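Worksheet for the structure shown next.
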Amino acid sequence: MTSPISLEAMAASVPDGALLALPPDNSLPSVALAKALVRRGARGLRLLGVPVAGFAADMLIGAGCVAEIETSAVSLGEAGFAPRFSAAVKAGTIRVRDCTCPAVHTMLQAAEKGVPFMPLRGLIGSDILAHRPDWKVVPNPYEGTGEDPIVLLPALQPDVAIFHAVMADAEGNVWLGRRRECATIAHASKRALVTVERVVPGNFLEDERLAAGTISATYVTDIAIAERGAHPVALLDEYGFDAAYVSDYARMARTEAGFAEWLAREVTAPQAAQRAVAAE
């Protein structure tokens with residue numbers, strides 16, 4: 001594998017307008033990379049919540065990085081609604097493509113398997129079909145009477161998958177634990193950018209205890225080390241959810257001015273201070 005790159009270089013490799021796949025807050029999101037994208041001034045991003053979006057997505061939306069989001073929900077969990085997402089929807093500054101959790105996974109699985117579409121039945125009878133002309137209801141070709149409809153969903157291939165993991169090995173394999181949906185995201189996407197707590201010697205795929213929870217380096221484009229890179233959400237057994245941090249964000253981000261103050265304090269100013277210290 002090539003050596004880990006810097007977080008800033010990783011953010012710079014994400015082009016404006018890219019379709020970016022993000023896991024939910026309970027499944028290894030890379031908040032560190034999302035913050036780096038804000039600092040880079042990314043614009044026009046299209047987010048895919050897999051299957052829901054949370055803290056990182058709301059922050060990117062508030063910072064003006066996002067033009068469109070496709071997801072089944074955007075939420076801060078117990079901290080309530082995602083305030084910057086809600087404000088953007090009300091202002092009409094973001095396009096929302098409504099989806100469902102099974103539909104997101106089905107479209108990614110089609111891309112993962114290299115097929116143009118996959119069927120899904122549970123959408124029939126819901127209002128969402130009226131707003132998704134790209135989802136096709138057709139007769140089940142194996143039923144015979146034409147009275148058994150099925151929905152066909154197109155394959156969805158994100159430009160970039162981003163997530164955070166506990167560790168990578170010297171070969172570039174990444175250990176995900178039981179969060180296998182991140183493997184699906186990586187398999188389906190053109191590129192996968194992964195932040196990790198640390199890089200360790202060895203090869204996870206040669207260890208029977210780790211192999212089942214490992215994604216092969218074949219599907220990993222670049223790795224960057226970002227300690228506590230999922231914070232404020234939890235990272236497996238490494239550290240827990242920081243409820244106070246998210247509650248503070250939810251309170252401040254209710255207003256544009258409050259969000260700007262939070263962004264300067266938590267995203268922009270700390271990095272500027274670090275650069276100043278390094279230059280001395």
The chain: radius of gyration and largest Cα-Cα distance (Dmax), Å: 19.5, 77
Are there any GluC sites (Glu not before Pro) in the range 61-126 that are in a DSSP loop and have at most 10 other Cβ atoms within 10 Å? List them by number. none
Name the chymotrypsin sites (Phe, Trp or Tyr not before Pro) in the range 67-170 that are in a loop by DSSP and that have at most 12 other C-beta atoms within 10 Å, would you? TYR142
With 0.36 nm assigned to each residue of separation and the Cα-Cα distance removed, ARG251 to SER3 gains 85.3 nm
Over the range 138-271, what per residue volume does the convex hull of the Cα atoms give, in whole Å³? 196 Å³
For the range 72-184, treating each Cα as an identical point scatterer without solvent, what Debye log10 I(q)/I(0) comes out at q = 0.13 1/Å? -0.72
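Just how many % of Cα pairs in the range 1-108 lie over 19 Å apart, if you round to the nearest whole percent? Working shown, then result.
Working: 2354 of 5778 pairs.
Percentage above 19 Å: 41.
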When the accessible area of the chain is split by element with a 1.4 Å probe, what percent falls to carbon and sulfur? 54 percent
Arranged from highest to lowest average of other beta-carbon atoms within 10 Å per residue, in what order do the peptides 164-170, 223-229 appear? 164-170, 223-229
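Find the Rg to Rh ratio for the range 227-270, where Rh is the Kirkwood radius over alpha-carbon pairs and Rg uses the same atoms. Mind dumping the intermediate values first?
Details: Rg = 11.8 Å, Rh = 11.3 Å.
In the range 227-270, Rg relative to Rh is 1.04.
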Fraction of alpha-carbon pairs over 14 Å apart in the range 124-176 - percent: 70 percent
Any lysines with Cα under 19 Å of the LYS113 Cα? List them, leaving off those in the same chain fewer than 8 positions away. LYS190
Taking the highest mean first, how do the peptides 47-54, 196-203 order by number of other beta carbon atoms within 10 angstrom per residue? 47-54, 196-203
At most 15 other Cβ atoms within 10 Å and a DSSP loop assignment: could you name the trypsin sites (Lys or Arg not before Pro) in the range 1-82 that fit? ARG43
The distance between the Cα centres of the range 81-154 and the range 179-257, in whole Å, is 27 Å
Residue-normalised value, i.e. accessible area per residue, for the chain at 1.4 Å probe, in Å², stands at 46 Å²
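The values are calculated or read from the model by the stated rules, or taken from the named source; none is laboratory data. In this text the structure is predicted, and so the values were computed from the model without any measurement. Every residue, glycine among them, receives a Cβ derived from its backbone with ideal geometry; neighbour counts consider all protein chains shown. Ligands, DNA and RNA are stripped out before the accessible areas are found, and what is left, the full protein with its side chains, is counted by its heavy atoms. Shrake-Rupley method; radii C 1.70, N 1.55, O 1.52, S 1.80 Å.
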